[in-house]
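The values are calculated or read from the model by the stated rules, or taken from the named source; none is laboratory data. Keep in mind it's a predicted model, so treat the numbers as computed, not measured. We place every Cβ from the backbone using ideal geometry, glycine too, and count neighbours over all the protein chains shown. To get the accessible areas, we keep the full protein, side chains included, count just its heavy atoms, and leave off ligands, DNA and RNA. Shrake-Rupley method; radii C 1.70, N 1.55, O 1.52, S 1.80 Å.
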Amino acid sequence: MIQITLPDGSRREFAAPVTVAEVAQSIGAGLAKAALAGQVDGKLVDVSAIIDHDAKLAIVTAKDVQGLELIRHSTAHLLAYAVKTLFPDAQVTIGPVIENGFYYDFSYQRPFTPEELQAIEQKMAELAAKDEPVVRRVLPRDEAVAYFKGLGEHYKAEIIGSIPAGQEVSLYREGAFEDLCRGPHVPSTGKLKYFKLMKVAGAYWRGDHRNEMLQRIYGTAWASKEELGNYLRMLEEAEKRDHRKLGRELDLFHIDEHSPGTVFWHPRGWVVWQQVEQYMRRVYQDNGYQEVKGPQILDKSLWEKTGHWDKYRENMFTTESEKRDFALKPMNCPGHILIFKQGVKSYRDLPLRYGEFGACHRNEPSGSLHGIMRVRAFTQDDAHIFCTEDQIQSEVTTFTALLQKVYKDFGFTNIIYKLSTRPEKRIGSDESWDRAENVLAEGLRASGCDFEYLPGEGAFYGPKIEYTLKDALGRPWQCGTIQVDPNMPERLDAEYVGEDGNRHRPIMLHRVIVGSLERFIGILIEQHAGALPTWLAPVQAVVTGITDAQADYVQNVVKTLRQRGFRVEADLRNEKITYKIREHALQKFPYILVAGDKEKETGAVAVRSRGRTDSEVMSLDAFIERLTGEIVARV
């Protein structure tokens, strides 16, 4: 008898080997119809997989995370099936699952047109409607190579040829199309109903620019029509919020080909930058950080000691002077250790917290650059805490509370916490990793945070916590981090005098809250759709008159507000008031103040709040009180 244990602890017995599908059918017809795969003793398998031993089994459906990945992976194969049906000369390469969807790369003589993309999607729908079974078979490696060469699929043959000799590979067939894949897959194409092709882009074979440029078709797939619709609406809203588009429309910044990957901040955009930086500077001052400033260019020998010259050199901008090699710093930590080493440090000085708005440069590939979100020159709210091992937990707990407050002030309350643990290639003993990972976990627990582990995702020198915020559209942005590093103090010979009078190595905690200021401002722009909160807005109010007769009064109002520290502009143009209001509304200013003869006589203003079509007449003092309250409350 074969005993199958289900997730609820119940057991079912079978007299002979049984498939996942048959177990699902024994539970109920509804589950059998919904089954996409099975998880046997933790391993994901097709519903056709045979269970010939006592095992634990979970039936995977579209409601499960693994089920959604299966749908997306199988839809990538459906895409390849449709392309081969419409364009027989196209060669298939690879088609993985990515966040929210999938892509498939094709070798074809020319780029696919938008009209052809639409035709491919229509063909996918037709093939899915046939509900053809997806069938797995296994071939020896050399036989599989010969099979795909015979089909003219030279890329597939090359992929299989890279597999060690003597091994077997699995193939999946649906209708007239068969593809190389480890699987598993949905049992039939009829399970694939809710998908959409998004775009075509170029991609080099194996990511090497020396190879052929392939056609990469991106798509998205979901378990339900509602989920697909929600995602497409989110994309539509995201396009409206695109920080690159809003940066131009609101005259905040631009990117110029004369300096790719760097930002040209316009006056209004630089005001936003300054508000973020000055806010974070107050965070430093109020929480025991000493602000420092290190040089931009450091000698090659320092980067050799830290290991960056060997492992990170291709991402560093280098220069030479008087036969010495230098590099623009890609990070601030080595400079902070050099500052720490000046003078003798005692255990009484720890924890010692250095903060810097450090400008860093990294030679990112041009294809990865994205507005101000991914750049080559950026500034971080970077800080390093030098402490003892016993002080790590309290520093983590304090830092987490501080990060939560900062995010809340910027309008983010949904935070995801992840703890990245030891990678396979690492330095240090297992005991030291145990202690570091446990102390980070305890720091999060002491903060009342639920968190998930990311096994193997830590740095080679130590574990880290990642803090990911979610924006108004539910998109995740990993910004904050705190990392345990005993390695760099060792490499650069940092020491402090302990209570025992002996010299000891400090632990170094790398930490950022907003991370790259450029990227964080891009996130803020998209979070608020350009309508930044009053305390961050580059222009908090614009004052305009109805006619030239109010010009002097408008200037006096502006002068009064500026003297109170508000960011205000005057609009004295000889234009219709409706035109001026409409134009300023598009600029997303928090307030438009209009003054006519009545307002001039009474010392009042007609206040039009952002997003509203009506106005409220109030005294200037009352408006100042409102504006002050909003700025203090950061609403």
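Ala494 passes all but one of (1) open to solvent by less than 10 Å² (accessible area, probe 1.4 Å); (2) touching a Gly at 6+ places or on another chain (Cβ under 9 Å); which number fails?
The one condition Ala494 does not meet is (2).
Just to confirm my filter: which strands (runs of 3 or more DSSP E) fall fully inside the range 438-494 and include at least 2 residues that are of a type outside the set (Phe, Trp, Tyr) and within 27 Å of Pro334 (Cβ to Cβ)? Show your work before the answer.
Details: elements: 451-454, 464-470, 476-485.
Because the criterion is at least 2 residues that are of a type outside the set (Phe, Trp, Tyr) and within 27 Å of Pro334 (Cβ to Cβ), the strands (runs of 3 or more DSSP E) in the range 438-494 that meet it are 464-470, 476-485.
Can you find, within the range 228-255, the residue that is nearest to Leu586 (Cα to Cα) among those that are open to solvent by 40 Å² or more (accessible area, probe 1.4 Å) and in contact with a strand residue (DSSP E or B) (Cβ under 9 Å, 6 or more places away or on another chain)?
The extreme case among them is Arg248.
Among the residues of the range 378-396, are any open to solvent by 50 Å² or more (accessible area, probe 1.4 Å), assigned to a helix (DSSP H, G or I), in contact with a Pro (Cβ under 7 Å, 6 or more places away or on another chain) and farther than 23 Å from Gln274 by Cα? Give the derivation first.
So the first thing to find is which residues in the range 378-396 are open to solvent by 50 Å² or more (accessible area, probe 1.4 Å), and the list is 389-390, 393-394.
Keeping just the survivors that are assigned to a helix (DSSP H, G or I) gives 389-390, 393-394.
Those still in the list that are in contact with a Pro (Cβ under 7 Å, 6 or more places away or on another chain) too: none.
Within the range 378-396 (the criterion being open to solvent by 50 Å² or more (accessible area, probe 1.4 Å), assigned to a helix (DSSP H, G or I), in contact with a Pro (Cβ under 7 Å, 6 or more places away or on another chain) and farther than 23 Å from Gln274 by Cα), the answer is no, since none of the residues qualifies.
Does the range 397-410 include one or more residues that are among the aliphatic types (A, V, I, L, M) and over 30 Å from Asp286 (Cβ atoms)? Quick ask: steps written out before the conclusion?
In the first step, residues of the range 397-410 are kept if they are among the aliphatic types (A, V, I, L, M); the result is 401-403, 406.
From what's left, over 30 Å from Asp286 (Cβ atoms): none.
No; the residues of the range 397-410 include none that is among the aliphatic types (A, V, I, L, M) and over 30 Å from Asp286 (Cβ atoms).
Count, please, the residues in the range 148-165 that happen to be open to solvent by 30 Å² or more (accessible area, probe 1.4 Å), touching a residue at least 24 places away in the same chain (Cβ under 8 Å) and in contact with a Lys or Arg (Cβ under 7 Å, 6 or more places away or on another chain).
Qualifying residue count for the region: 1.
Out of Lys598, Lys588, Lys559, Lys580, which single residue is of a type in the set (Lys, Arg), surrounded by 15 or more Cβ atoms within 10 Å (Cβ to Cβ) and in a helix (DSSP H, G or I)?
Lys580
For every residue, the table says whether it meets (1) assigned to a helix (DSSP H, G or I); (2) of a type outside the set (Ser, Thr, Tyr); (3) over 27 Å from Gln393 (Cα atoms).
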{"residue": "Arg511", "(1), (2), (3)": "no, yes, no"}
{"residue": "Ile521", "(1), (2), (3)": "yes, yes, yes"}
{"residue": "Ile525", "(1), (2), (3)": "yes, yes, yes"}
{"residue": "Pro533", "(1), (2), (3)": "no, yes, yes"}
{"residue": "Pro538", "(1), (2), (3)": "no, yes, yes"}
{"residue": "Asp552", "(1), (2), (3)": "yes, yes, yes"}
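Among the residues of the range 40-57, is any part of a strand (DSSP E or B), open to solvent by 50 Å² or more (accessible area, probe 1.4 Å) and touching a Pro at 6+ places or on another chain (Cβ under 6 Å)? So that I can check it myself, show each step before the final result.
Residues of the range 40-57 part of a strand (DSSP E or B): 40, 43-45, 50-51, 55-57.
In the following step, the residues that additionally are open to solvent by 50 Å² or more (accessible area, probe 1.4 Å) were identified as 43-44, 50, 56.
Pick out the ones that are also touching a Pro at 6+ places or on another chain (Cβ under 6 Å) and you get 44, 50.
Yes, because at least one residue in the range 40-57 is part of a strand (DSSP E or B), open to solvent by 50 Å² or more (accessible area, probe 1.4 Å) and touching a Pro at 6+ places or on another chain (Cβ under 6 Å).
Scanning for something in a helix (DSSP H, G or I), out of contact with any Cys (no Cβ under 7 Å at 6 or more places or on another chain) and crowded, with 19+ Cβ neighbours inside 10 Å, does the range 83-98 turn up at least one residue? It would help to see each step written out before you state the result.
So the first thing to find is which residues in the range 83-98 are in a helix (DSSP H, G or I), and the list is 83-86.
Next, only the ones that are out of contact with any Cys (no Cβ under 7 Å at 6 or more places or on another chain) stay: 83-86.
Retained after the next criterion (residues that are crowded, with 19+ Cβ neighbours inside 10 Å): 83-84.
Within the range 83-98, one or more residues are in a helix (DSSP H, G or I), out of contact with any Cys (no Cβ under 7 Å at 6 or more places or on another chain) and crowded, with 19+ Cβ neighbours inside 10 Å.
Within the range 481-513, how many residues are of a type in the set (S, T, N, Q), modelled with pLDDT of 95 or more and touching a Phe, Trp or Tyr at 6+ places or on another chain (Cβ under 7 Å)?
So the count comes out to 1.
Limited to the range 58-71, what total is found for residues that are open to solvent by 20 Å² or more (accessible area, probe 1.4 Å) and either in a helix (DSSP H, G or I) or basic (Lys, Arg) (or both)?
Going through the range 58-71 one residue at a time, the tally reaches 5.
Among all residue pairs at least 6 apart or on different chains, which show Cβ distances below 8 Å where the first residue, located in the range 612-635, is exposed (fewer than 13 other Cβ atoms within 10 Å of the Cβ) and the second is at pLDDT 90 or above and of a type outside the set (Val, Ile, Thr)?
Asp614/Arg608; Val635/Pro533
Among (1) open to solvent by 20 Å² or more (accessible area, probe 1.4 Å); (2) within 30 Å of Asn287 (Cβ to Cβ); (3) not in a strand (DSSP E or B), there is one condition Ile337 misses while meeting the rest; what is its number?
Tallying (1) open to solvent by 20 Å² or more (accessible area, probe 1.4 Å); (2) within 30 Å of Asn287 (Cβ to Cβ); (3) not in a strand (DSSP E or B), Ile337 fails exactly one: (1).
Inside the range 421-437, can you point out the residues that are acidic (Asp, Glu) and in contact (Cβ under 8 Å) with a residue 12 or more places away in the chain? I'd like the intermediate steps shown before the answer.
So the first thing to find is which residues in the range 421-437 are acidic (Asp, Glu), and the list is 424, 430-431, 434, 437.
If the condition is that a residue be acidic (Asp, Glu) and in contact (Cβ under 8 Å) with a residue 12 or more places away in the chain, then Glu424, Glu437 are the ones that fit.
Condition first: open to solvent by less than 30 Å² (accessible area, probe 1.4 Å) and β-branched (Val, Ile, Thr). Now tell me which residues in the range 301-320 satisfy that.
Taking the range 301-320 and keeping what is open to solvent by less than 30 Å² (accessible area, probe 1.4 Å), we get 302-303, 306-309, 316.
Result: Thr306, single match.
Do you know which of the residues in the range 601-635 that are in a helix (DSSP H, G or I) and of a type in the set (A, V, I, L, M, F, W, C) is nearest to Leu532 (Cα to Cα)? It would help to see each step written out before you state the result.
Here is the first cut: in the range 601-635, the residues in a helix (DSSP H, G or I) are 601-602, 620-633.
Adding the requirement that they be of a type in the set (A, V, I, L, M, F, W, C) leaves 620, 622-624, 627, 631-633.
On the way: Leu620: 23, Ala622: 22, Phe623: 19, Ile624: 19, Leu627: 14, Ile631: 12, Val632: 15, Ala633: 14 Å.
Out of the qualifying residues, it is Ile631.
Any chance you could count how many residues in the range 321-334 are outside any loop (DSSP other than H, G, I, E, B), closer than 10 Å to Leu298 by Cα and open to solvent by less than 60 Å² (accessible area, probe 1.4 Å)? Before you say what the answer is, go through the steps one by one.
In the first step, residues of the range 321-334 are kept if they are outside any loop (DSSP other than H, G, I, E, B); the result is 321, 324-328, 333-334.
Among the residues that remain, those that are also closer than 10 Å to Leu298 by Cα are: 325-328, 334.
From what's left, open to solvent by less than 60 Å² (accessible area, probe 1.4 Å): 326-328, 334.
Within the range 321-334, residues that are outside any loop (DSSP other than H, G, I, E, B), closer than 10 Å to Leu298 by Cα and open to solvent by less than 60 Å² (accessible area, probe 1.4 Å) number 4.
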